[in-house]
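In what follows, a single structure is set out as structure tokens and then discussed.
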Amino acid sequence: MLSVISSHAPLGIDGVLIQVEVDIRRGLPGVDIVGLPDNAVREARERVRVAIRNSGFRFPADRITVNLAPAGIHKEGAAYDLSIALGILISSGQVPLSNERLMVLGEVSLTGAVRPVNGVLSAVGSGLQNGTDLFLVPRENLLEANALKRGRVFGISSLRQAAALLKDLSSGNCDNTNHNAFSLDSLDSKAIDFNPQKGLGDFADIKGHWLLKRALEIAAAGRHNVLLFGPPGSGKTMAARRLPTILPPLTWEESLTVTRLHSIAGLLPEGTGIIHQPPFRMPHHSASSEGIIGGGKITKPGEVSLAHEGILFLDEAAEFKASLLQSLREPVEDGRVTIARAGLSVDFPASFQLILAVNPCPCGNLGRPKGVCICSTTEVYRYWKKLGGALLDRIDIRIPLKPVEAEQMSREDEETSASVLKRVQRAVSLQRERFRKNNFSRNCKISPGILNGICRLDSISSGLLKRAVEKLSLSSRAYHSILKIARTIADLDESESIKKDHVLEAIQHRRYGDGDVFWNYN
């Protein structure tokens, strides 16, 4: 008897539907798994053999062939264990198969217990798109699998429980709403609140630095990229870590995509539902290219994709490899990253807000009051050259920092994150309404073709901007950047038109970092 059960290969964000076909025939006892399996999939035959026996079933003393189709796609990991085990039980007549299209995911231990796997949300989404309406997933992945609120989803804790469920489904005795042994009621109330912003502090922790806090508020409202530069101890890292606390929650569509990416990467804690807050990723400067961009032997999303709809913060950015920094240009510009391998090309979304923090020079003393910089001009140029003009040109807001004076450190009247967040949310709501017919929702994504129509300037403001571009020798991208920042400042003021003061402030936030201007910010 031939049985067919659906499973899933996490290839890219959507993945590929896999058909697990099991055939049992007379012959020398053995199990053959075909369809480009990796070592973990091949080893499933031993795990499944022992799990079936320890669960009280009979393992067939026949020739068993398991085909994972389509055969041209590499199958990796242990997520196929449960589907292979149930396929063998169905083909041997020990368990009936329901008439409904079925997808099964889960790793099986030697005792028959089912362990959680990665990429369940993507698997359920792919299954629903292909007409599958019945899903068996590990109980720890149940909240994640039920996030789409479609299909019949059951959480399984053991092979024996999965077999019993299939028997009940076949006889029509199982109801998804009242069969408490396999499904959970009130999933939302039982979900663990996975908040990637936990432990990041509050905006009120930033003492003084009024220009910095204003710039970060603008950056949060328009999702503009930011460069923070100044001597060590001036507050660059602390400020960047508090930026997520003034970001509004994700929309439902954004939440689903972010959750999918974290699930594929194996970073979604067990028992977690949907991620509602923008992610904050802070990789170390020793990270590899695969860790930042994505890829590896098992193609997984990198930090640029895990920061999708959130923040990618590179502290001590000049310490990262120059080639790695330059590889950020495409995802910063396009909001996607393509990982190309021999015979394989995988796309992951990577629309993130880039925050760079650097010292002004290798020794860090350039710009420090009463500090002595021991770096030569050549060393300073070489230090900044690692960032590269092409990447820096894509940074909208540049903020110079100096250490805060002693009397400001004891102030307790600083504005809190909750207060700033209210203004940011109002500005974001205006942008989402403005761009509701476009494929983007924030000012940073306004394309050059429609920029002048959205960011109209009067004659006085236009003249100011032209003179600033000529005086500071700004590029065309910098010109567009200033217009976008001015539009965001106007949104924060809830102004329909961009005024002179909005343009002047936008120029102030964009002027540093080009040519030699950053040497003279003291």
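Residue count for the stretch 374-391 satisfying the condition of being in a loop (DSSP other than H, G, I, E, B) and among the acidic types (Asp, Glu): 0.
Across the stretch 268-304, the qualifying residues are those that are among the β-branched types (Val, Ile, Thr) and in contact (Cβ under 8 Å) with a residue 40 or more places away in the chain, and the one among them that is farthest from Leu121 (Cα to Cα) is Ile293.
Restrict the check to the stretch 392-412 and report whether at least one residue is touching a residue at least 40 places away in the same chain (Cβ under 8 Å), assigned to a helix (DSSP H, G or I) and in contact with an Asp or Glu (Cβ under 6 Å, 6 or more places away or on another chain). So far as the stretch 392-412 goes, no, none of its residues is touching a residue at least 40 places away in the same chain (Cβ under 8 Å), assigned to a helix (DSSP H, G or I) and in contact with an Asp or Glu (Cβ under 6 Å, 6 or more places away or on another chain). Here is a check on your reading of the model: is Asn438 loosely packed, with under 15 Cβ neighbours inside 10 Å, at pLDDT below 95 and not acidic (Asp, Glu)? Judged against the criteria, Asn438 is a match.
Are any residues in the stretch 144-170 touching a Gly at 6+ places or on another chain (Cβ under 8 Å), surrounded by fewer than 24 Cβ atoms within 10 Å (Cβ to Cβ) and under 18 Å from Ser122 (Cβ atoms), and if so, which ones? Residues satisfying the conditions are Leu148, Gly151. In this structure, does Ala468 turn out to be of a type in the set (A, V, I, L, M), closer than 19 Å to Arg214 by Cβ and part of a helix (DSSP H, G or I)? In short, yes.
Pairs meeting the criteria (first residue in the stretch 455-468 and under 12 Å from His502 (Cα atoms), second residue exposed (fewer than 12 other Cβ atoms within 10 Å of the Cβ), beta carbons under 6 Å, at least 6 apart or on different chains) are lacking. Looking across Ile264, Ile274, one residue alone is β-branched (Val, Ile, Thr) and closer than 19 Å to Gly77 by Cα. It is Ile264. On inspection, Leu344 qualifies as out of contact with any strand residue (DSSP E or B) (no Cβ under 6 Å at 6 or more places or on another chain), surrounded by fewer than 21 Cβ atoms within 10 Å (Cβ to Cβ) and over 26 Å from Leu212 (Cα atoms). The set of residues from the stretch 355-370 being surrounded by 13 or more Cβ atoms within 10 Å (Cβ to Cβ) and part of a loop (DSSP other than H, G, I, E, B) comprises Asn359, Pro360, Cys361, Pro362, Cys363, Gly364, Asn365, Leu366, Gly367, Arg368.
The values are calculated or read from the model by the stated rules, or taken from the named source; none is laboratory data. Just so it is clear, the structure is predicted and the values come from calculations on it, not from any experiment. So basically every Cβ, Gly included, is an ideal-geometry build from the backbone, and we count neighbours across all protein chains shown.
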